[in-house]
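The structure appears right after this line, and notes come after that.
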Amino acid sequence: MDKRSARRGYEGVVAVVPITVPYVRYSIRTAHWFLARVLAELIRASGIDKASIDGLCVSSFTLAPDTAIGLTQHLGVSPRWLDHIPLGGASGVVALRRAARAVQCGDAQVVACISGDTNHVDSFRLTLSNFSSFARDAVYPYGAGGPNASFAFLTANYMREFGLERADFGKLCVAQRDNALRYPQALFKRPLGLQEYLDARPIAEPLRLFDCVMPCAGAEGFLVMSADRARSLGLAAVQVLGTIERHNSYPDDPVQVRGGWAMDRDDLYAQAGRGPQDVDLMQAYDDYPVISLMQIEDLGFCQKGEGARFIREHSFTWDGNFPFNTSGGQLSVGQAGAAGGYLGMIEALRQLTDAAADRQVAKAQTALVSGFGMINFDRGLASGAALLGRA
Amino acid sequence: MTSPLTRPRRKNPVLRTRLPNLPPGGRSRVALGLTAAAALGRFELQCCRDCGKVQYPPSEACQVCLSERLQWREQSGAGELLAVTELAHSNDLFFRERLPWRLGMVRLDCAVTVVAHLHGDCAAAGARVRVEAVLDRSGQGVLIAMPDKETAHMADDPQLREFTCDPKYRKVLVTDGRTAVGQAIVHSLIRAGADLIWVGQSEPWKQFPGIEALRTLPQVSLVPLDLSDSEAVSELCAEIGGRVDIVINNAELHRPFGIAARAGIEAARAEMDINYFGLLRLAQGLGPALRARGADGQSSAVAWVNLLSIYALSNYPPHGTFSASKAAALSLAQCLRAEMRPAGVRVINVFPGPIDDEWNQTVLPPKVSAAALATAITRALQQGIEDVFPGDVAQEWLARWRDNPKALERELAG
Ligand SMILES: [Zn+2]
């Protein structure tokens, strides 16, 4: 890990005030409502006034027909820097890295990164049938299983190629449920046993019920500002050590077994000046457990194909030897649309500011947040990761 | 292994007939290239004319060199099954009623990955498969992975039958049994396992060769039917409408003349009365009943076949009025197809070249034999093809027409 990154670091930029708008299974509100609630909470919790927020970064699937620009009028803000990041599960990481550069370069002083979605009874189906033109033309007409079908293929292939068993994925899911029992916003409140995981009803073999996220409504958000500004406001801050993003990586792989992290992880660790051995906790995007494992492998915690052994040799609860998705992940909290792409970021910010209550990872100094999103046709296209450090 | 289909039990008339739902039919315009090929029974993918890359899903530019010169080219469909899943849950009504539903991810030998419906006889991941393009009930092209070698009762696979219009154990109306073509169709349907065939007979008091042979077949029921008689058509439709699964409208009137060679319009009017208005009468009589039974279990209403002519695409002046009547029928068949679509009932148009019958006596060979035409129709039903061009002449005219319709018009003018 002595290879130097050619990229500049993010010195002097911090992320502060992780906010969660409580998740609900269904809501009659709009995405606008959830995004307004999260912005209001950011303002209240940080103590700054609305006019001081001069940068806004938005992610949402259910905001249509609006985008970030329309939202500025709903929220009555006049930012001089505006971004809309439609990257699903990679939104949190990408929002952070873009906002950090904007603050670092002076294009904005305080950027509110917000993400949220509503969930009407019918909105999941509508999102699926119009998710992308490739999905509409080449996936949805095939059983309309949505991402379940696509990830069933990736999971089946991964198991066949690398010798994984369902119980391996089950260990991750069970540990995340244990974590979720200590996260008040989690929609799943009951413990999950391995046998219950294995015996759950099939959804799209080899995927069963507890391999799949439950769509819900909710929102997440945080602020990006200079370390000086955070200090003067008295806000607990988290340093941005390094970030990467990559899209449509390895297009010639017949079926996805790796993501962009494998291309860029050396650069990530070099920029941060830290390695996998320094990571105290990892928050990965977990729409399905196979994706969690892909991120563990591609971000250098074990070789590709050694995931089964890694899972068998580690424990993934908040107090385990590889604290992982310590608020429960989407699998046990719920997937609030694009806010799912912020869930790990928010939890990492809490862990590094000692705000994780009774699931606090002891002596957490460095967190790795990883994102993955947009299964456009047969594979997820967006990937990103960020290394965060206690300020 | 596929279990062979069994003859459906008599329907309980008290039970509610399931209403038809369609699989998702939305497509981008460029993706309709797959549908256009599937309608002809072909599997084509976009191929870049500049760098040779084959790509899928369809797009407006080459994913390698960004060229816009993309051409749909026929593919072998050979590939390896990478992964299999069985959906136990779907967000769509059509599939919810048919769960569990098997899907496969296939790596084609042309280095393209596709998601496909999966025939039940395909072995586990790693197996060799053959991908075909077929039309689904919404009329759109989809891919299905088939075992690379023929298996027993392959056509009886329940998922495959959702795409085909197989006559096995289905009830069929053939509108004209007097012609050699009509009789060949009946024999072909019997070989394909049709359950019951009503065979129309106009002027039943006249003796036509071959009719008596039909009468002796246990599957055949001769019924009086004259498509030029509105009342007779509605009477028959009222009697059998609720049971017909497949309509094959082969009744036609063919008089070989253009405009100048014959005075008056009587012959042309008679042609229109059978070839165009006959279709209209029949469609008004039977259409509603077929639409209501588009999802009626194993042997639902599935298809409507029109015997048109290759002359429907471009007028053949020596048979000018006949060509015009078939062009009118083609246009009406497109309307029928649109109206049948919500029920998932496929409208199959058959465009033969000159048929080897008395009305094409002066037309030079090659001509389509009655048996070959009947086989093409049965095959179209079994494979779910929508536009059928049987015979070498039809294939050649089609190629010329697709290449340059104006050139064909001049060539046919002689
Ligand atoms: Zn090209």
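Using only the alpha carbons of region B:265-370, what is the convex hull's orientation-averaged projected area in square nanometres? Please report the intermediate quantities before stating the final value.
On the way: hull surface 30.5 nm².
Computed as one quarter of the Cα hull surface, the answer is 7.6 nm².
What average count of beta carbons from other chains do you get within 10 Å of the Cβ of residues in A:149-158?
Average per residue, whole number: 5.
How many Cβ atoms of partner chains, on average, are near each residue of A:378-385 if near means within 10 Å of its Cβ?
Mean number of neighbouring Cβ atoms from other chains: 1.
Total accessible area buried between chains B and A, 1.4 Å probe, in Å² to the nearest 100?
Values: alone 19280 and 15330 Å², together 31830 Å².
That pair hides around 2800 Å² of surface in total.
Assuming 0.36 nm per residue, please report the length gained on full extension of the stretch B:GLU80 to B:LEU93 beyond their Cα-Cα distance.
Working it through step by step, the gained length comes to 1.7 nm.
How far apart, in nm, are two points set 7 Å out from the Cα along the Cα-to-Cβ line at B:ARG7 and at B:ALA213?
2.4 nm
In what order, largest first, do B:ASP50, B:ASP296 sit by accessible area if the probe radius is 1.4 Å? Spell out each step's value before the answer.
Numbers: B:ASP50 90, B:ASP296 25 Å².
So the residues, ranked largest to smallest area, are B:ASP50, B:ASP296.
Whole angstrom only: what separates the Cα centroid of region B:313-332 from the Cα centroid of region B:58-117?
Rounded to whole Å, the Cα centres lie 39 Å apart.
With r as the distance between the Cβ atoms of A:ALA355 and B:LEU32 and R0 = 45 Å, compute the FRET efficiency 1/(1 + (r/R0)^6) and round to 0.05.
Values: r = 54 Å, r/R0 = 1.19.
Efficiency computed from Cβ-Cβ geometry: 0.25.
Given the options B:GLN298, B:GLN201, B:GLN383, which has the most mean-square fluctuation in a GNM of chain B, springs set between C-alpha atoms less than 10 angstrom apart?
Highest fluctuation of the listed residues: B:GLN298.
What accessible surface, in Å², does a 1.4 Å probe find on A:ARG274, ignoring ligands, DNA and RNA and rounding to the nearest 10?
That residue has around 70 Å² of solvent-accessible surface.
Can you compute log10 of I(q)/I(0) for region B:160-289 with the Debye formula, treating each Cα as one identical point scatterer, at q = 0.09, 0.13, 0.19, 0.22 Å⁻¹?
-0.28, -0.57, -1.08, -1.32
Which residue, chosen from B:ALA38, B:PRO24, B:ALA61, occupies the Cα position most advanced towards the positive end of the dipole of region B:5-65, where the dipole is computed from +1 (Lys, Arg) and -1 (Asp, Glu) charges on Cβ about the Cα centre?
It is B:PRO24, whose Cα lies furthest towards the positive end.
Given the pairs A:LYS171/A:LYS363; A:LYS50/A:LYS363; B:LYS149/B:LYS367, which span a C-alpha to C-alpha distance of over 28 angstrom in this model?
The answer is A:LYS50/A:LYS363; B:LYS149/B:LYS367.
For B:ARG191, what is the net charge nearby, where nearby means another residue's Cβ is under 15 Å from its Cβ and Lys, Arg count +1, Asp, Glu -1?
That works out to +1.
Go through the cysteines of chain B and tell me which have no other cysteine Cβ under 4.7 Å away.
Cys with no partner Cβ under 4.7 Å: B:CYS47, B:CYS110, B:CYS122, B:CYS165, B:CYS237, B:CYS335.
Highest GNM mean-square fluctuation, chain A, Cα pairs closer than 10 Å: which of A:ILE296, A:ILE28, A:ILE19?
Judging by the Gaussian network model, the answer is A:ILE28.
Percent relative contact order of chain A, based on C-alpha pairs within less than 8 angstrom and at least six residues apart?
28 percent
Using the Cβ atoms and a cut-off under 13 Å, what net charge is assigned to the surroundings of A:TYR10, where Lys and Arg are +1 and Asp and Glu are -1?
+4
What trypsin sites (Lys or Arg not before Pro) in region B:185-249 are in a loop by DSSP, with at most 14 other Cβ atoms within 10 Å of the Cβ? Can you show the working numbers first?
Details: sites: B:ARG191, B:LYS206, B:ARG215, B:ARG243; in loops: B:LYS206, B:ARG243.
Those satisfying the criteria are B:LYS206.
Let me make sure I get this right: for region B:23-68, a, b and c are the square roots of the gyration tensor eigenvalues over alpha carbons, sorted descending. Under 1.5 in a/c it's rounded, otherwise prolate if a/b > b/c, else oblate. Which is it? Could you put the intermediate results ahead of the total?
Working: a/c = 3.00, a/b = 1.68, b/c = 1.79.
Oblate, because a/c is 1.5 or more while a/b does not exceed b/c.
With only Lys, Arg, Asp and Glu charged, each at its Cβ (+1 for the first two, -1 for the last two), find how big the charge dipole of chain B is about the Cα centre; round to the nearest 20 debye.
For chain B, the charge dipole is close to 760 debye.
Could you work out how far helix B:230-240 tilts from the main Cα principal axis of chain B, as a 0 to 90 degree angle to the nearest 10?
Long axis of B:230-240 versus the principal axis of chain B: about 50 degrees.
Report, for chain B, the % of DSSP beta bridges that are antiparallel, rounded to 5.
55 percent
Compare B:ARG161, A:ARG182 by solvent-accessible area with a 1.4 Å probe and give them largest first, with all protein chains kept in place.
Putting B:ARG161, A:ARG182 in descending order of accessible area: A:ARG182, B:ARG161.
Tell me, what is the per residue accessible area of region B:171-413 in Å², probe radius 1.4 Å?
Value returned for region B:171-413: 42 Å² of accessible area per residue.
Positive end of the dipole of the protein assembly as shown, charges at C-beta (+1 Lys, Arg; -1 Asp, Glu), about the Cα centre: which of A:ALA357, B:TRP72, B:CYS122 has its Cα farthest in that direction?
After comparing all options, I get A:ALA357.
Kirkwood hydrodynamic radius, computed over distinct alpha-carbon pairs, for the protein assembly as shown: how many Å, to one decimal? The partial results should precede the final answer.
Values: mean 1/r = 0.0337 Å⁻¹.
It is 29.6 Å.
Based on DSSP H runs of at least 4 residues, each adding -39500 (n - 2.57), what is the mean residue ellipticity at 222 nm of the protein assembly as shown after dividing by all its residues, to the nearest 500 deg cm²/dmol?
The helix contribution divided over the protein assembly as shown gives -10000 deg cm²/dmol.
To test your reading of the geometry: what angle, between 0 and 90 degrees and rounded to tens, separates the Cα axis of helix B:266-275 from the longest principal axis of chain B?
Once rounded, one gets 40 degrees.
Just want the answer: with Cβ charges of +1 for Lys and Arg and -1 for Asp and Glu, which residue in B:PRO256, B:SER138, B:CYS165 is farthest toward the dipole's positive end in chain B?
B:SER138
Quick one: if you stick a label point 7 Å off each Cα along the C-beta vector at B:SER59 and A:GLN365, how many nm between them?
Taking the simple label geometry, B:SER59 and A:GLN365 are separated by 4.4 nm.
I'd like the distance separating the alpha-carbon centroids of region B:204-223 and region B:248-264, in whole Å.
26 Å
Once fully extended, how much extra length lies between B:LEU15 and B:GLN382, figured as 0.36 nm per residue of separation less the alpha-carbon to alpha-carbon distance? Please report the intermediate quantities before stating the final value.
Details: separation 367, 0.36 × 367 = 132.12 nm, distance 2.85 nm.
Going from the current span to full extension adds 129.3 nm.
Grab the other residues whose beta carbon is less than 11 angstrom from that of A:ILE48, score K and R as +1, D and E as -1, and report the net.
Cβ neighbours under 11 Å give a net charge of +1.
Which FRET efficiency value, to the nearest 0.05, is calculated for A:ARG80 and B:ASP357 with the Förster distance at 60 angstrom and r the Cβ-Cβ distance? Could you put the intermediate results ahead of the total?
Working: r = 81 Å, r/R0 = 1.34.
The value I calculate is 0.15.
Take A:HIS120 and A:ASP49, extend 7 Å from each Cα along the Cα→Cβ direction, and tell me the distance between the two endpoints in nm.
Taking the two extended label points, one gets 3.8 nm.
If I take all pairs of Cα atoms in chain A, what percentage of them are more than 31 Å from each other?
Of all Cα-Cα distances in chain A, 30 percent exceed 31 Å.
Quote the charge dipole size of chain A about the Cα centre in Debye, to the nearest 20; the model charges only the Cβ of Lys and Arg (+1) and of Asp and Glu (-1). Before the final figure, lay out the partial values.
Details: 38 positive and 40 negative charges, 121 e Å.
Using only the charged Cβ atoms, the result is roughly 580 debye.
Just by accessible area at a 1.4 angstrom probe, what is the order of B:GLU80, B:GLU252, A:GLU161, B:GLU231 from largest to smallest?
Solvent-accessible surface, decreasing: B:GLU231, A:GLU161, B:GLU80, B:GLU252.
Sort out for me the Cα centre separation of region A:147-217 from region A:351-391, rounded to whole Å.
Measuring centre to centre over Cα atoms gives 19 Å.
With both bridge residues required to lie in chain A, what share of the DSSP beta bridges run antiparallel, to the nearest 5%? Let's see the in-between values first.
Details: 38 of 52 bridges.
Given both bridge residues lie in chain A, the antiparallel proportion sits at roughly 75 percent.
As a test, work out the antiparallel percent of DSSP beta bridges whose residues both lie in the protein assembly as shown, rounded to the nearest 5.
Roughly 65 percent of the DSSP beta bridges within the protein assembly as shown come out antiparallel.
Compute the Rg/Rh shape ratio of chain B: radius of gyration over Kirkwood radius, all on alpha-carbon atoms.
0.98
Mind checking which lysines have their Cα closer than 20 Å to the Cα of B:LYS11? Skip sequence neighbours fewer than 8 apart in that chain.
The reachable lysines, counting only those whose Cα sits under 20 Å from B:LYS11, are B:LYS168, B:LYS171.
Using Stokes-Einstein with the Kirkwood hydrodynamic radius over Cα pairs, what translational diffusion coefficient do you get for region B:171-413 at 25 °C and a viscosity of 0.890 mPa s, in µm²/s rounded to a whole number?
135 µm²/s
Which value, in debye to the nearest 20, gives the size of the charge dipole of the protein assembly as shown about its Cα centre, when Lys and Arg are +1 and Asp and Glu are -1 at the Cβ?
980 debye
Can you report the principal axis dimensions of region B:32-161 using only the alpha carbons, biggest first, rounded to whole angstrom?
Principal-axis extents of the Cα atoms in region B:32-161, largest first: 42, 30, 26 Å.
Between B:ASP148 and B:SER228, what FRET efficiency follows from the Cβ-Cβ distance if R0 is 41 Å, with the result rounded to 0.05? Before the final figure, lay out the partial values.
Values: r = 50 Å, r/R0 = 1.22.
The computed FRET efficiency comes out at 0.25.
The values are calculated or read from the model by the stated rules, or taken from the named source; none is laboratory data. From a predicted model like this one, the values you see are computed outputs, not experimental measurements. No Cβ is skipped: glycine too gets one built from the backbone with ideal geometry, and neighbour counts run over all protein chains shown. Surface areas here come from the heavy atoms of the whole protein model, side chains and all, with no ligands, DNA or RNA. Shrake-Rupley method; radii C 1.70, N 1.55, O 1.52, S 1.80 Å.
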